[in-house]
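Working notes, beginning with the structure itself.
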Amino acid sequence: MPTEHCDDRRNALIENLANGCGIKESCELSQVSQATYYKWIKDAKFKTAIEKAKDSRIQIAEDSLMEQV
């Protein structure tokens, strides 16, 4: 189904962003054009998922730094 394929690419894109890749690299790895990314980012649920993924990445980095103190 096209919708499932689209969801897989969205999830891959979110995961790549969460792992620290930039938008361009995340799009390439997820086989999504940057134009599609910017279209998807207008969707509130997608934008929220990206924000949560980035927040998670920041929290992991902060935790790692705190362990070294």
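The values are calculated or read from the model by the stated rules, or taken from the named source; none is laboratory data. Only a predicted model underlies this, so the values are computations on that prediction, with no experimental measurement involved. Positions of Cβ are backbone-derived with ideal geometry, glycine not excepted, and every protein chain shown enters the neighbour counts.
General remarks:
- Screening the candidates T36, T3, T48 for the property of being among the hydroxyl-bearing types (S, T, Y), in a helix (DSSP H, G or I), modelled with pLDDT of 90 or more and out of contact with any helix residue (DSSP H, G or I) (no Cβ under 9 Å at 6 or more places or on another chain) yields one hit, T48.
- In region 6-28, the residues that are of a type in the set (G, A, S) and either surrounded by 13 or more Cβ atoms within 10 Å (Cβ to Cβ) or modelled with pLDDT of 95 or more (or both): A12, A18, S26
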